[in-house]
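Working notes, beginning with the structure itself.
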Amino acid sequence: MQDNLVVVYFKVFCYIFTTHNRFVYIPVITIKVYVATAAMTLLVPLLTKYDKVADSEGSLDPLGLSLIADRLGTRLVPGVRERMRHPRFLTAIAAGASICAEFDDDRVAQDGVTPPYQVFEWYVVQALVNTFRNETNQIIGLPGREKATDAMRKDFPLCAQNYLKAPSVFGFHGVYRTLAEDLDILRQGRLGEAGDRLIRIWETEQDLAGFYSREQGLGSSLRRALTNAVKEGLTKSKVAREWNWSLNRIIAEKFAPYRAKVKENEAIFTMLCEEPSSYRDQIIRFLISNGGSCLWLKGGNENELHTALLKSASPDLRELLECIRAYEHFARLIQDAFDDCLYNMSRKQGKTNIKELAGLKAVNLAHKNVPEIFPKVSNQLSPYGYASEFINVFGDLLVNGNCDTWVEQLLEHHFIVQKKKPPFGKNPWIDRYDDNTYCVRPLYWKNEPAHMDDSYVHRYRTKAIWSFLTDLKRVRNESN
């Protein structure tokens with residue numbers, strides 16, 4: 001500290017001299033103020049640039065309900081994920097697998113992380129964004145569109161630094177790979193049997209002879225150009241063709257999400273329904289029926305849809321649907337109770353005590369019903385292996401006592417869920433004070449009351465499947 005003060009005195013002297021270009025008399029007490037301030041500055045730790053990855057805010061799933069729901073959704077509609085919308089990306093994945101078969105399995109770009117299929121994806125996204133920059137309705141739902149548009153505006157080539165942060169999750173390969181593997185379009189990263197069928201149909205229908213069959217034609221020259229582009233992209237760790245590359249339009253037109261032809265659509269639809277006994281097939285068949293499509297178009301309520309489907313579902317699908325409905329009943333009760341607390345605290349915008357929260361309608365409803373339905377939900381989850389997890393995560397809501405005790409435990413449950421979120425925990429949505437009062441943080445103010453109905457808290461892939469069926473011309477071009 002003594003050494004620091006010497007340096008500080010020297011800096012103060014220099015500052016006074018250089019600023020006024022002469023020696024100026026300053027009272028000793030003023031110098032002490034300078035010294036104290038400067039010394040404190042020396043002791044302040046250096047801060048690094050804000051790191052969004054380590055952001056401590058967690059704005060999703062405040063009660064830990066989504067994990068079991070997502071697993072049930074995966075069982076219900078195998079391969080399909082909620083963020084999927086356009087099945088034609090399966091064709092692009094098949095074409096990419098055909099191109100990338102020419103590279104070793106362990107080949108990556110010079111950046112040490114980017115595999116060949118990702119470089120292929122960059123070229124397809126570049127072509128789509130550049131070609132349809134004035135017709136953005138043609139690329140709605142294209143993963144990475146915003147990032148690619150920004151790169152095009154700045155005339156930067158697509159690469160790992162300016163594309164998606166987690167392309168293996170959020171790029172079109174990342175989003176649709178689970179379904180491509182489930183349908184055997186991809187098998188361990190290579191073309192599967194269904195992929196072989198799909199790419200042959202696409203090649204014929206798009207007049208691209210030679211792309212896959214190795215005949216002579218437009219397809220062979222396109223394949224050669226794409227293969228060379230991917231090869232150079234691996235070497236340079238970025239797209240190695242300009243944004244105005246002459247082949248952009250043809251690539252875009254052959255892979256545009258909404259421009260599949262009849263036989264390609266038929267092939268994809270057949271693949272989705274290939275196992276007549278599967279849950280996915282039963283749901284699709286119900287959705288394209290008059291009753292199912294009218295019910296979905298009426299309001300997009302998955303609970304109503306599942307209730308109607310129960311009448312024609314196979315026994316095992318009926319059991320799964322009943323399990324989902326029971327879990328969602330539980331989820332709706334505690335989610336509504338939590339939302340009612342948030343809404344009440346948001347309107348008050350001040351400290352709220354437990355008595356006030358215990359008097360809320362949704363809180364009372366949950367306090368009354370959760371202990372009653374908990375064993376039933378647990379039993380219905382048991383055949384799928386989720387009962388133990390359900391009890392471990394939500395067993396703390398089976399507290400004995402009045403509504404005051406229960407709502408206090410609900411808020412404690414929220415604190416625990418947030419604390420356990422990876423990588424280092426997340427901040428709770430609510431602040432708790434020493435006098436046992438609570439206040440919702442402004443970031444999580446809620447302007448609408450709890451639903452208080454029988455709608456599901458979570459989605460179970462119907463919206464994704466409906467979007468698929470719309471693209472495949474199997475249902476009316478309308479959405480909820």
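What residue, among those in region 298-320 that are in contact (Cβ under 8 Å) with a residue 40 or more places away in the chain and either open to solvent by 40 Å² or more (accessible area, probe 1.4 Å) or touching a Pro at 6+ places or on another chain (Cβ under 6 Å) (or both), is nearest to THR270 (Cα to Cα)? It comes out as GLU319. When ASP431, ASP454 are screened for being in a loop (DSSP other than H, G, I, E, B) and at negative phi, only ASP454 passes.
Being at pLDDT below 95 and β-branched (Val, Ile, Thr) holds for only one residue in VAL370, VAL377, VAL399, VAL393, and it is VAL399. Between THR131, THR136, the distinction of being crowded, with 18+ Cβ neighbours inside 10 Å, farther than 30 Å from ARG280 by Cα and β-branched (Val, Ile, Thr) belongs to THR131 only. Applying the set (1) assigned to a loop (DSSP other than H, G, I, E, B); (2) open to solvent by less than 30 Å² (accessible area, probe 1.4 Å); (3) under 17 Å from GLN126 (Cα atoms) to ARG241 leaves exactly one unmet item: (2). Being assigned to a loop (DSSP other than H, G, I, E, B) and open to solvent by 50 Å² or more (accessible area, probe 1.4 Å) is the filter; apply it to region 156-179 and report the residue that is farthest from VAL230 (Cα to Cα). Result: LYS165.
Conditions (1) closer than 20 Å to GLU82 by Cα; (2) open to solvent by less than 80 Å² (accessible area, probe 1.4 Å); (3) of a type in the set (Ser, Thr, Tyr), marked per residue:
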residue	(1), (2), (3)
TRP406	no, yes, no
TYR433	no, no, yes
THR437	no, yes, yes
VAL440	no, yes, no
TYR444	no, yes, yes
ARG461	yes, yes, no
LEU472	yes, yes, no
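Only residues that are open to solvent by less than 40 Å² (accessible area, probe 1.4 Å) and either of a type in the set (Asp, Glu) or part of a helix (DSSP H, G or I) (or both) were counted across region 261-296, and they come to 18. Say we look at region 189-211 and pick out the residues that are open to solvent by 30 Å² or more (accessible area, probe 1.4 Å) and under 33 Å from the mean Cα position of the chain (by Cα); which of these is modelled with the lowest pLDDT? Top of the filtered list is GLY189.
Residues that are open to solvent by 50 Å² or more (accessible area, probe 1.4 Å) and over 27 Å from VAL80 (Cβ atoms) do not occur anywhere in region 180-188. The number of residues in region 272-322 that are over 16 Å from TRP466 (Cα atoms), within 28 Å of the chain's Cα centre (by Cα) and aliphatic (A, V, I, L, M) comes to 3. Taking region 94-139 as the range and being under 24 Å from the mean Cα position of the chain (by Cα) and farther than 20 Å from ARG223 by Cβ as the test, the residues that pass are VAL113, THR114, VAL129, THR136, ASN137, GLN138, ILE139. Condition check: touching a strand residue (DSSP E or B) at 6+ places or on another chain (Cβ under 7 Å), touching a residue at least 12 places away in the same chain (Cβ under 8 Å) and of a type outside the set (D, E, K, R). Does SER168 satisfy that? When the stated conditions are applied, SER168 does not pass them. Residues that are open to solvent by 40 Å² or more (accessible area, probe 1.4 Å) and either within 23 Å of THR270 (Cα to Cα) or assigned to a loop (DSSP other than H, G, I, E, B) (or both) within region 142-155 comprise just one, ASP155.
The values are calculated or read from the model by the stated rules, or taken from the named source; none is laboratory data. All of these numbers come straight from a predicted model, not from anything done at the bench. Methodologically, a virtual Cβ is constructed for each residue, glycine included, from the backbone with ideal geometry; neighbour enumeration extends over all protein chains shown. Ligands, DNA and RNA are stripped out before the accessible areas are found, and what is left, the full protein with its side chains, is counted by its heavy atoms. Shrake-Rupley method; radii C 1.70, N 1.55, O 1.52, S 1.80 Å.
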